[in-house]
1. So is residue A:303 assigned to a helix (DSSP H, G or I), among the aliphatic types (A, V, I, L, M), surrounded by fewer than 21 Cβ atoms within 10 Å (Cβ to Cβ) and in contact (Cβ under 8 Å) with a residue 12 or more places away in the chain or not?
2. If you check residue A:693 against the conditions, is it surrounded by fewer than 20 Cβ atoms within 10 Å (Cβ to Cβ), basic (Lys, Arg) and in contact (Cβ under 8 Å) with a residue 12 or more places away in the chain?
3. Might you let me know whether the stretch A:712-723 holds any residue that is out of contact with any strand residue (DSSP E or B) (no Cβ under 9 Å at 6 or more places or on another chain), surrounded by fewer than 20 Cβ atoms within 10 Å (Cβ to Cβ) and of a type in the set (Val, Ile, Thr)?
4. For the stretch B:1-42, enumerate the residues that are within 12 Å of chain A (Cβ to nearest Cβ) and either modelled with pLDDT of 70 or more or within 23 Å of residue A:15 (Cβ to Cβ) (or both).
5. Specify the residue that is farthest from the chain's Cα centre (by Cα); the eligible residues are those in the stretch A:541-594 that are closer than 20 Å to residue A:517 by Cβ and of a type in the set (D, E, K, R).
6. Please give the number of the condition residue A:83 fails out of (1) modelled with pLDDT under 80; (2) under 21 Å from residue A:755 (Cα atoms); (3) surrounded by 15 or more Cβ atoms within 10 Å (Cβ to Cβ).
7. Could we say that residue A:591 is in the same structural domain as residue A:656 (by TED's automatic domain parsing) and closer than 12 Å to residue A:676 by Cβ here?
8. For the stretch A:656-705, name all the residues that are assigned to a loop (DSSP other than H, G, I, E, B), within 30 Å of residue A:578 (Cβ to Cβ) and polar (S, T, N, Q).
Amino acid sequence: MRWWRITKRNADLERELRSDLELEEEEQRERGLSSEEARYAALRAFGNPTLIREETHATWSWRWLESFACDLKYGFRGMRRNVGSTVFAILIVGLGVGGASTVFSVVNALLLRPLPFRDPGQLVWISNGETYSTQAEHFSDLREQNHSFADLAGWSGTYNTGNQELTGSGEPERFTSVPVTENFFTLLGVEPAIGRSFTKDECQGKYGAPPAMVLSNSFWRRRFASDPNVVGRKLTLNNQPVTVVGVLPASFDFASVFSPGTPIDMFIPWPLTDKTKPQGNTMAIVGRLKPGVTDQSAQAELAVLAKQLETQHPERNGIKPRLVPLEQHVSGQMRPALVVLMWAVGVVMLIVCANLSHLQLARIGTRQREMAMRAALGAGRFRLLRQVLTESVALSCCGAVLGLLVAVVGPRELAHLHAFSLPLLESVRVDEKTLAFTVLATVATGVLFGLAPALQVPSYTLREGLQVAGPAASGSRRYGWFRDALVVSEFGLACLLLVGAALLIQSFLRALDVNLGFEPERAAALRIDPSFQIPTAAQANAFIDDVLQRARAVPGITTVGISDILPLDGDRSWQVGAKGQVYDKNNHPDAFIRVVTDGYFEALGIALKSGREFTPSDRESSDPVVVVNETLARTLWPGQDAVGKMVSQDGGRRVVGVVADVHHGGPERLSGAEMYLPMRQTGDYSAMTLVVRTTLPPDSLAASIRTALRPIDPNLPVTKFQTLQGLVDRVMSPRRFLVLLLSGFAGFALLLASLGIYALISYSVNQRTKEIGIRMAMGASSWLVQQNVLTRTLRLALAGVILGTLCSFALSKSIESLLFGIAPTDPAVISGVILLLCSVALVAGYIPARRASRIDPMRALRTE
Amino acid sequence: MSSMAKGIPQRANLLQGTLDMLILRTLLYGPAHGHQIGKHIQRTTNDFLQMQHGSLYPALHRLERRGWVTSKWEMAPGRNREFKYYRLTEKGRKQLVVEESEWKQMAEAVARVMWPAAEES
């Protein structure tokens, strides 16, 4: 109801009462009373006008609002009286709600909000069996022959960071580009913000030599200062002229969806008609289903088509299309982690509620007389209950203001953490959904923690309430079990969280401990692709010799090598086999290919297991050689020494050495088969990355290396050193993200649980001051008293811990998929957590126990 | 406070529903303002039911909210003065029938318990 209607009603009632009162007065006068007597008589007959007004008010519907405002005012007054506990309550509600909202905003961005494309529900991701990408030829055929898809589009799954050198516009710099098919943006429903997408003509050229490019929004802002006139400009990319035809909208962030952690600067066309398109599985495919087509039927059709293609084109690689909704592909991997985080937040909120409930109970306890008085004066049961609830919701709303602050700052900080390569992390932000969640969480918290104390209010009957003397006796021992239950559940929940966090920390440590097969510390890499064409193999060899020699001479650098692809940073795989061996087409061994120079193994710290490394004399004129890793050696020549054997590559290469396996999918993935080709014997590489091992911080080296290399390539672009440790960190970051958040929650839970048990024990010591006094007067030693209190503390803690452990056993399945190298019921972890919780409980109990043992019997008895 | 409470006659503790019914019944004669309604009930019961304004006005407003009566400021006939007149609505008329029959049932039921002989004879 609007306030002006209320005012109008009030005036109306006032007028009605006045006119009737005057009438009464008139009648009294007619009976012969004097005018003054008549007025008094009328007033007497009428009764108390204020009361009439109030009772009439009560029939109007907004009475609840009035009493709500009243309760609120009263609640705030109460909060001011108890500054300490109010601040405490606000603080923990704030942290709890803030944490919950932060997690919610991440969940919202990753799981709830649709992908930033048109009709994202129709988009699917099509992988090729276990591998990421498919041959481009297969893509073209699938696209033409299928009936399930409105269209298919693809991009190069094998691009790597810094693959483009841009000159002719400021300092030469290296950028990352992704070749995409002509229809890629159209299929996703992304319109360039400025300019246009690629035309058919622009998709007719040679792969990797684009006539046109489209810029990503962030790159356009950074490099071209948001200049709209950049569209139409000719730039020089890898010494080739290229025209900027468009700029993508800010809402389209390719990297955050498809390649978390690797920003993409530009997009170039992928000509599908080109006969020289890259060999092997290179294309990542997305498709848009026709309306009404289900994933299953599309999958079935693709499977049939793939079978036909394999028989029609035996010369091509195998193809096993596997279709998942794009949304699931992008954030599916994060789902279990986020689900665990959401549960953790829920548990934290429950602990917060238990703690506040306890606090509120104590507050209500001290106000028992007040409540009894109000009940005596006619306050209804429901009325009192509502007042207590209003107070607790008001308290939690105060906390929510703090929580909102955390909820706004938290996601913003998270979104800018490039250290975490999580998909869509950049789109984490506070939106109306998050705010709604915050409000909901706040009110739910307030009601939940206020409910239990509020429900006890009516049971304070008048006689008891008024009789019980003073706040000290206010505790109502009747509710002792309820307080105990609160503390036990706090410990149980904290135990559950701690077990989860400890398991994940252990997994993290174990993942860190994995021998990656190389030593990332003190190793760094720098792109050094020559800015000019090298026509012959001999000249290329000379260039390599020159680079290695000059780089080696830089002070602080111990070893140097060159590679095309770094571990953990892109992969390229081929089918490989022992020479003379025939393999089943469906079961052909394949291996990751690395093209490296001498010194590479040493620079990265990859151990040589047998044979020899590459040397500078492995060049175009010498015998073709190859180095394999242990897995490949085992696969091709089980039980034999691989050194001296021949692989079928390039018509036959001799294995000269076997090196240790490198985990290049990250520590948690098994390392696959790998084959190393000497860079001096092949031209089949698309990048040159200088890898150095140094005794100095890598950042300080970049400049001196550049200076050293300038004489051979004056256009060497400015790029930062990439540390190998940085690559490892990026791979580990989703796990670190989870560990960080969960440990934070677990720590908070532990703190709350210990505060809860401390509050309970010290409260009960206060309650029992008299009893303890009597015991001591009867001869109980202070040690006995102390022991008594501690035993009680420990008993509560143990009850909670046992409950929590049982729960964690019951829930062990749900966390299993997130663990690495540890069982969800790991006895060391669980006993560690139990020990931790019990010692925390002991410390929390010791303070009140000590106070109890210091009680002066005489004074204790006298004060009551 | 308690001494005052003793002074109030028991019969004034009208059941809320009963008061509503009496008001509706009074309005059946035609529109009336609060004072008239109170006076009418008091007079008809020979002052047995002393109308308390404290319950009359809340009751009137309650009836209005429920849509059983409407109100309007009107000139009183013969006086140069406006009063807030309450008027029975169609809904109020129906409600009166319902309340009347309920009351009748109630009274009969009470009577049967109180004077069983009279019932038998």
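1. The answer is yes for residue A:303.
2. Against the criterion (surrounded by fewer than 20 Cβ atoms within 10 Å (Cβ to Cβ), basic (Lys, Arg) and in contact (Cβ under 8 Å) with a residue 12 or more places away in the chain), residue A:693 does not qualify.
3. Among the residues of the stretch A:712-723, at least one is out of contact with any strand residue (DSSP E or B) (no Cβ under 9 Å at 6 or more places or on another chain), surrounded by fewer than 20 Cβ atoms within 10 Å (Cβ to Cβ) and of a type in the set (Val, Ile, Thr), which makes the answer yes.
4. B:20, B:32, B:33, B:34, B:35, B:36, B:37, B:38, B:39, B:42
5. A:590
6. That leaves (3) as the condition not met.
7. yes
8. A:671, A:682, A:686
The values are calculated or read from the model by the stated rules, or taken from the named source; none is laboratory data. Keep in mind that this is a model prediction, so the values were computed, not measured. FYI the Cβ positions are ideal-geometry reconstructions off the backbone, even for glycines, and counts take in every protein chain you see.
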